[in-house]
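Before I ask anything, here is the structure I am working with.
The values are calculated or read from the model by the stated rules, or taken from the named source; none is laboratory data. Everything numeric here is computed off the predicted structure, so don't read it as measured data. Glycine gets a Cβ as well: all are built from the backbone with ideal geometry, and neighbour counts include every protein chain shown.
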Amino acid sequence: MGPPGAGKGTQAPRLSEHLSAPHVSTGDMLRAEVAASSNLGLKAKTFMDAGDLVPDDVMIGMIVARLQADDASDGIILDGFPRTVAQAVALDEALYNSGGSIDLAVSIDVDRDVLINRLAGRATCKNCKTPYHLTFSPPATAGECDKCDGELDQREDDQPEAVKNRLKVFDKQTAPVLDYYRGRKKLLSIDGAASPDEVFTSLVNAISS
Ligand code: ADP
Ligand code: ADP
Ligand code: ZN
């Protein structure tokens, strides 16, 4: 968990490899629906472009279905879900019904001014979704993914107006989810200001302790 730009999409794939558990990003799932022009994608797009949350019923349905997939049976790493207390409650219920529970919620903490700079330079491979930053971690060849030569893309919702709203939405709707997990003694906070490698080290250390 963490505000837009905190490093969820950078750290979650690394953790996924480290723990051999699938990385499930609701943002990626939604962007795939938008790209496919599915009914769900068409419904979600307006909210996403404005930087608002996609309604809880849509998101809960999406995650409950994803939890039932075979590869989720030994656990998954959720990135970007839950973002509201209603989603957190629904997730607990769905896991309880299948005999599981949340192990840990990890909050990546980063100052606002840093977040804004990160989002302004964020670019992602259209093909393999590898995250880049045009200043902090640019690809070797401009506009081209190091891993697959795919084309790099900047997100519509990383424009300043949408970013402003997304940060507001985080404070209003997602910060209470951190309190939800804190109250259940499941919240771990890590400092996300250091380099991606250093953040990953503190993430792994914090989880194993
Ligand atoms: P989130 O998924 O939480 O919105 P991302 O992982 O996509 O955040 O990171 C946002 C941007 O900041 C990306 O361009 C990414 O390359 C860059 N970034 C991520 N972590 C760091 C870090 N520790 N230091 C500097 N830049 C980072
Ligand atoms: P970021 O990495 O910048 O935090 P994401 O890629 O996780 O952003 O999400 C992009 C957008 O997708 C969000 O601004 C929101 O519109 C939608 N979204 C993603 N996850 C959720 C969720 N759990 N609930 C509601 N909307 C979501
Ligand atoms: Zn790529």
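Does at least one position in the stretch 175-183 carry a residue that is within 20 Å of Leu30 (Cβ to Cβ), aromatic (Phe, Trp, Tyr) and at pLDDT 95 or above? Don't jump to the end; show me each part of the working.
Here is the first cut: in the stretch 175-183, the ones within 20 Å of Leu30 (Cβ to Cβ) are 177.
From what's left, aromatic (Phe, Trp, Tyr): none.
Among the residues of the stretch 175-183, not one is within 20 Å of Leu30 (Cβ to Cβ), aromatic (Phe, Trp, Tyr) and at pLDDT 95 or above, which makes the answer no.
Then there is this: Looking at Ala94, is it away from ligand 2 (no atom under 13 Å from the Cβ) and either closer than 24 Å to Pro196 by Cα or without any contact (Cβ under 8 Å) to a residue 12 or more places away in the chain (or both)? Spell out how you get there, then give the answer.
Details: away from ligand 2 (no atom under 13 Å from the Cβ): yes; either closer than 24 Å to Pro196 by Cα or without any contact (Cβ under 8 Å) to a residue 12 or more places away in the chain (or both): no.
It is false that Ala94 is away from ligand 2 (no atom under 13 Å from the Cβ) and either closer than 24 Å to Pro196 by Cα or without any contact (Cβ under 8 Å) to a residue 12 or more places away in the chain (or both).
Here is a check on your reading of the model: is Pro82 out of contact with any strand residue (DSSP E or B) (no Cβ under 6 Å at 6 or more places or on another chain), assigned by TED's automatic domain parsing to the domain that holds Ala12 and in contact (Cβ under 8 Å) with a residue 60 or more places away in the chain?
Yes.
Sort out which residues of the stretch 132-158 are closer than 24 Å to Ala193 by Cβ and surrounded by fewer than 17 Cβ atoms within 10 Å (Cβ to Cβ), and write them in order of number.
Narrowing the stretch 132-158 to residues closer than 24 Å to Ala193 by Cβ: 132-139, 154-155, 157-158.
Of everything in the stretch 132-158, those that are closer than 24 Å to Ala193 by Cβ and surrounded by fewer than 17 Cβ atoms within 10 Å (Cβ to Cβ) turn out to be Leu134, Thr135, Phe136, Ser137, Pro138, Gln154.
Considering each of Gly80, Gly2, Gly51, Gly9 in turn, give the residue that is surrounded by 20 or more Cβ atoms within 10 Å (Cβ to Cβ) and within 16 Å of ligand 3 (Cβ to nearest atom). Full working, then the answer.
Values: Gly80 fails: within 16 Å of ligand 3 (Cβ to nearest atom); Gly2 fails: within 16 Å of ligand 3 (Cβ to nearest atom); Gly51 fails: within 16 Å of ligand 3 (Cβ to nearest atom).
From the options Gly80, Gly2, Gly51, Gly9, the qualifying one is Gly9.
Run Arg31 past the list (1) closer than 19 Å to Asn165 by Cα; (2) more than 16 Å from ligand 1 (Cβ to nearest atom); (3) buried (at least 18 other Cβ atoms within 10 Å of the Cβ) and report the number of the one that doesn't hold.
Only one criterion in (1) closer than 19 Å to Asn165 by Cα; (2) more than 16 Å from ligand 1 (Cβ to nearest atom); (3) buried (at least 18 other Cβ atoms within 10 Å of the Cβ) is unmet by Arg31, namely (2).
Okay, residues lined up against (1) out of contact with any helix residue (DSSP H, G or I) (no Cβ under 6 Å at 6 or more places or on another chain); (2) more than 16 Å from ligand 1 (Cβ to nearest atom):
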position: Leu78; (1), (2): yes, no
position: Phe81; (1), (2): no, no
position: Val85; (1), (2): no, yes
position: Ala88; (1), (2): no, yes
position: Asp103; (1), (2): yes, yes
position: Lys126; (1), (2): yes, no
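For the stretch 53-105, enumerate the residues that are of a type outside the set (Phe, Trp, Tyr), under 19 Å from Leu40 (Cβ atoms) and in a loop (DSSP other than H, G, I, E, B).
Leu53, Val54, Pro55, Gln68, Ala69, Gly80, Pro82, Arg83, Thr84
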